[in-house]
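The values are calculated or read from the model by the stated rules, or taken from the named source; none is laboratory data. Only a predicted model underlies this, so the values are computations on that prediction, with no experimental measurement involved. FYI the Cβ positions are ideal-geometry reconstructions off the backbone, even for glycines, and counts take in every protein chain you see.
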Amino acid sequence: MPPRWPRKPDRKDPDFRKLDDRMNFAFHVAVAATVNSGLWFFHILKTTSWEWLTPLTLGWVGVILLHLIYIGAIANYDQTPPKST
């Protein structure tokens, strides 16, 4: 069941931004897991070695960890100040 938002979605709403960032992170993890598991599956079936696969997987895991650090510790979800006119 998709998440339901009780009010009109707006990126200025800190709760919505936090939920949106976490859903983007979950999508990022899902894409990485799908692509990497598929590549490793075909790597096991092939007789030749794919030397580039380990650095690709480790690099992608590093990007996911940076993304997690950003949404968990760096992102500021405080109320955005009103813009002056």
Given the conditions (1) in a helix (DSSP H, G or I); (2) free of Cβ contacts under 8 Å to residues at least 60 places away in the same chain; (3) surrounded by 12 or more Cβ atoms within 10 Å (Cβ to Cβ), every one holds for Trp50 apart from (1)
Those residues of the range 15-42 that are loosely packed, with under 14 Cβ neighbours inside 10 Å and at pLDDT below 90 come to a total of 2
The number of residues in the range 26-85 that are of a type in the set (Asp, Glu) and more than 19 Å from Pro14 (Cβ to Cβ) is 1
Going through the range 7-35 in order, the residues found to be in a helix (DSSP H, G or I) and farther than 21 Å from Ile69 by Cα are Thr34, Val35
